[in-house]
Every structure is written in structure tokens, then in C-alpha cells.
1. If we count every other residue with Cβ under 13 angstrom of residue 87's Cβ, Lys/Arg +1 and Asp/Glu -1, where does the sum land?
2. Within a Cβ distance under 13 Å of residue 23, other residues only, what is the Lys/Arg minus Asp/Glu net charge?
3. For the pair residue 56/residue 41, report the inter-label distance in nm, with labels modelled 7 Å from Cα in the Cβ direction.
Amino acid sequence: MAIMSGTAFETAEKCSRLPEMLRPLFWDADWNCVDFQRNRTAIIERVLNLGNEEQLAWLLKNVAEEEIRSVVSSSRRLSRKTARCWQNYFGLKEEEMKCFGMFSTNPDNLF
């Protein structure tokens, strides 16, 4: 099975595989095409938003804390609840986090 990566093709076997325990978090994607190296930010966001204790432990073991902090600061796809949790964990100010920006999780500022 081939998947497209930009303009080049690569086989699913060459992908950086994730542990099977993360599979339920990616119900909406072809599991054979979820590549940790290519989709790092999206995978980190998904685990932060939806992961259970075991999945979060895997993330903290396999991803540098500074990279997770960077994703927390720059992501616009974290839920407000998730953002608050990780804001407290990393000691971030609201202004340092894009997910609290005007066009992200605040429904009053949609238009």
C-alpha cells in the first residue's frame, strides 16, 4: 500500500509506527498511514486532547517535554479544558498560548 508524501510516494512499512494502544485516538485516519515523524504535532495534540493515562505516559516518555510545551504554546487545536490543564502543568501565561487567541476556542469571536 502506498501513501503520498508531498510529491513522493512511500510505503506504509517505512512509516514511523505508533504503539497499538494509540490506535483508538485515530479512529478517523488510516492507521497504516499515521506516521509519527511526519505528523508529530497532530499526534501530540491528539494525545493531549484525548489520551488516557497510559497514552499520556507514552507521550511523556517518547517526546521531549520542551517539544510538548512548544505544541501546547503554538496549537490552536487544543480544547479549552486541555489547554488549561497543560497551561498549569507548564506554568504558561494565557498570552503565551495561541489556543486562547481570538479565533480558536472562543465561540463569541467566530465572526
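Read the figures in this text as sums done on the coordinates, not as results from a lab. Predicted model, so just to flag it, every value in this text is computed and none were measured. All Cβ positions, even for glycine, are placed from backbone atoms using ideal geometry, and neighbour counts span all protein chains on display.
1. Numbers: positive: 69, 80, 81, 84, 93, 98; negative: 94, 95, 96.
Counting the neighbours of residue 87, the net charge comes to +3.
2. Working: positive: 17, 46; negative: 20, 28, 30, 54.
Taking every other residue near residue 23 into account, the sum is -2.
3. 2.4
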